[in-house]
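Below is one structure; the comments refer to it alone.
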Amino acid sequence: MALILGIFGILAFLAFGIAQLCAGYLGIEYLFGGIWAALALVLAILFRFTLPITIGAFFGAIYVWHWHWILAALFVSPGLAFVIPGVLIFILTTLLRPFGGTPRPVRQNKIVDLSNDPNSKTIDSA
């Protein structure tokens, strides 16, 4: 039973993702044209940058599928729940980094073995 529910969940998640990709493509194509829609799909699939497709899915649901804006917002909200924190983290790490530099490396504590060092002094118990 759990296997059937798991397979059904995976198929439902896949169908929802395909529906969002279709709505995003249609929305961007409706507003900006087919070349921009294809570019947004390439960004989403190859580079995992889904913000244009998510926004396009909102407008595709409103203008192409003639949904109410609240239903369109609910349709794209699962994608926005993951996109918005990722974009904010990217912006914050870019702003907090020193200008023109790279982030400082993290210091790591190293354990030094002094057992074979001739200069180390040990106290003999005998």
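Here are the numbers for this structure:
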read-out	value
Phi-based couplings in Hz for segment 38-49 (Karplus 6.51, -1.76, 1.60; Gly and Pro marked x)	5, 5, 5, 5, 5, 4, 5, 7, 7, 9, 6, 9
For segment 14-96, diffusion coefficient by Stokes-Einstein and Kirkwood Rh (Cα), 37 °C, 0.692 mPa s, µm²/s	255 µm²/s
Pairwise label distance in nanometres, L51 with F90, each label 7 Å out on the Cα-Cβ vector	0.6 nm
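FYI, it's all coordinate maths here, none of it is from the lab. Predicted, not measured: the structure shown is a model, and the values here were computed from it. Note: ideal-geometry Cβ built from the backbone for every residue, glycine included; neighbour counts use all protein chains shown.
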